1. Looking only at region 210-225, filter to residues that are out of contact with any Asp or Glu (no Cβ under 6 Å at 6 or more places or on another chain) and buried (at least 17 other Cβ atoms within 10 Å of the Cβ); which one of those is farthest from Q89 (Cα to Cα)?
2. Please pick out the residue among L129, L153, L118 that is in contact with a His (Cβ under 8 Å, 6 or more places away or on another chain) and at negative phi.
3. For K117, are the conditions met, namely being under 14 Å from the mean Cα position of the chain (by Cα) and assigned to a loop (DSSP other than H, G, I, E, B)?
4. Can K103 be described as in a loop (DSSP other than H, G, I, E, B), charged (D, E, K, R) and over 17 Å from the mean Cα position of the chain (by Cα)?
5. For I110, state whether it is within 21 Å of G213 (Cα to Cα), part of a helix (DSSP H, G or I) and not hydroxyl-bearing (S, T, Y).
6. Among the candidates R114, R105, which residue alone is under 23 Å from M1 (Cβ atoms), surrounded by 19 or more Cβ atoms within 10 Å (Cβ to Cβ) and out of contact with any strand residue (DSSP E or B) (no Cβ under 6 Å at 6 or more places or on another chain)?
7. Just checking, which of E94, E127, E85 is in contact with a strand residue (DSSP E or B) (Cβ under 7 Å, 6 or more places away or on another chain) and acidic (D, E)?
8. In region 132-156, which residues are at pLDDT below 95 and either closer than 24 Å to K56 by Cβ or touching a Pro at 6+ places or on another chain (Cβ under 8 Å) (or both)?
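The values are calculated or read from the model by the stated rules, or taken from the named source; none is laboratory data. All values derive from a computational prediction rather than experimental measurement. Note: ideal-geometry Cβ built from the backbone for every residue, glycine included; neighbour counts use all protein chains shown.
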Amino acid sequence: MTRKDIIKLSITEATILNATEKARQQIIFHDNLRKREPIIQLDSKIRGYIGEVGLKAWFASHDIHFAKANTMKTAENMDIDLVYETKNQTLHLEVKTSLVADKDRNWDDILRNRDIKLIRRKNQKIEELTGDLHLQIYFYGHRKKRDNFLKSLNLNLNIPINELYEKMQLQHYLNNTYFIGWIDKPTLIQQINHKSRKTWAFAKREFWLCNLGKDAKKPIDILEYLYQI
């Protein structure tokens with residue numbers, strides 16, 4: 001896969017404002033968000049809802065619709081579980097949302113260095129990983145730079161939504177939200193079982209290897225996969 005295969009999602013200001021209001025109502029999260037500052041948690045949650053709406057709109061434009069969506073809390077971000085139903089099958093699409101690692105300077109770096117975020121829990125085998133398809137969304141902005149900016153604001157999170165939108169510079173997500181790649185579980189299992197090194201670690205968490213450039217599938221190819229279900 002190359003940078004030409006990445007799909008920019010269409011995001012509106014209304015989507016971001018709605019995501020911000022929805023996220024603010026759930027600002028107290030569990031400890032698995034590593035007790036980050038409330039504004040960092042809020043921004044993460046906002047991205048989760050933006051990713052959900054943007055991805056569902058892209059699928060809808062290709063006549064693919066979902067029965068429901070559930071929000072999942074992970075160590076790093078707020079991820080989404082989309083439920084796709086046909087007469088014969090029900091699939092769970094787990095959507096991962098990430099900011100760019102600070103040392104990555106362009107899409108080529110991201111595709112070469114990064115993976116779909118697949119958490120390995122305890123001594124889990126790859127066959128035990130939940131979810132049928134795993135999708136990766138990137139918000140093009142560097143993680144530490146974004147976090148440092150938000151922490152510097154010393155902001156009252158109860159101010160009007162429009163003011164929060166401006167002060168947090170949430171308009172950045174209008175043109176920087178991308179569907180970057182995906183993998184189905186059978187393919188992932190096959191890949192992992194043929195790797196000598198199967199996992200990587202970050203912030204005391206372990207993740208399954210699924211490189212975005214070498215292992216992940218092109219975003220556009222998920223349409224045919226779902227059409228054939």
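1. Looking only at region 210-225, we keep the residues that are out of contact with any Asp or Glu (no Cβ under 6 Å at 6 or more places or on another chain), and these are 212-217, 219-225.
Checking which are buried (at least 17 other Cβ atoms within 10 Å of the Cβ) leaves us with 212-213, 215-217, 219, 222.
On the way: L212: 27, G213: 29, D215: 25, A216: 23, K217: 22, P219: 21, I222: 16 Å.
Step by step, filter region 210-225, then rank; the result is G213.
2. On the way: L129 fails: in contact with a His (Cβ under 8 Å, 6 or more places away or on another chain); L153 fails: in contact with a His (Cβ under 8 Å, 6 or more places away or on another chain).
Testing whether each residue is in contact with a His (Cβ under 8 Å, 6 or more places away or on another chain) and at negative phi leaves just L118.
3. Working: under 14 Å from the mean Cα position of the chain (by Cα): yes; assigned to a loop (DSSP other than H, G, I, E, B): yes.
Yes.
4. Values: in a loop (DSSP other than H, G, I, E, B): yes; charged (D, E, K, R): yes; over 17 Å from the mean Cα position of the chain (by Cα): yes.
Here the answer is yes, as K103 does meet what is asked.
5. Working: within 21 Å of G213 (Cα to Cα): yes; part of a helix (DSSP H, G or I): yes; not hydroxyl-bearing (S, T, Y): yes.
Spelling it out, I110 is indeed within 21 Å of G213 (Cα to Cα), part of a helix (DSSP H, G or I) and not hydroxyl-bearing (S, T, Y).
6. On the way: R105 fails: surrounded by 19 or more Cβ atoms within 10 Å (Cβ to Cβ).
Criteria check complete, one pass: R114.
7. Values: E127 fails: in contact with a strand residue (DSSP E or B) (Cβ under 7 Å, 6 or more places away or on another chain); E85 fails: in contact with a strand residue (DSSP E or B) (Cβ under 7 Å, 6 or more places away or on another chain).
Just a single option satisfies the conditions, and that option is E94.
8. Residues satisfying the conditions do not exist here.
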